[in-house]
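Notes follow the structure.
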Amino acid sequence: MDLNARMFEDLSLSVEQFAKRGSRRTSAYVELARCKSHHFNGKYDVALEYFFPSRVFLLTARLLQPVMQIYRRERWYELLEEALVLALDCARKLEDDASIQRYSLELLSESNALNS
């Protein structure tokens, strides 16, 4: 097993354990790390799938959408911004215009929320 696969497996196990203990914030943070791992390895389509679940990778679709919902609901704008910037970068590399617009608009609205 290569290092990336092992890291992803460990992150997956961490998410499960934190979820079992009801630690939604920590679980959400580890999910973001999983997405970063895909992004770092050039798997932009998989990483972006975490953010917007209407794409092809249905198994991973459920992962980051709840994370972003937690960040929005609890007003963790710094972490939400980090997730949105990552999603926007993936969308750009995939030349997905609809996602580029969606994430850009949300980043602009979150920027306004931070400044108010």
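The values are calculated or read from the model by the stated rules, or taken from the named source; none is laboratory data. For clarity, every value in this text was computed on a predicted model and none was experimentally measured. When we count neighbours, we look across all protein chains shown, and the Cβ atoms used for this are built from the backbone with ideal geometry, even at glycine.
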> Somewhere in segment 64-74, is a residue assigned to a loop (DSSP other than H, G, I, E, B), farther than 23 Å from residue 7 by Cα, over 11 Å from the mean Cα position of the chain (by Cα) and at pLDDT 85 or above?
Replying inline: yes
> Restricting attention to segment 64-75, and to residues there that are more than 15 Å from residue 30 (Cα to Cα) and not acidic (Asp, Glu), which single residue is surrounded by the fewest Cβ atoms within 10 Å (Cβ to Cβ)?
Replying inline: 73
> If you take the residues of segment 101-116 that are in contact with a helix residue (DSSP H, G or I) (Cβ under 7 Å, 6 or more places away or on another chain) and closer than 24 Å to residue 30 by Cα, which of them is modelled with the lowest pLDDT?
Replying inline: 114
>> Would you confirm whether or not segment 46-57 contains a residue that is modelled with pLDDT under 80, among the hydroxyl-bearing types (Ser, Thr, Tyr), closer than 20 Å to residue 15 by Cβ and not in a helix (DSSP H, G or I)?
In response: no
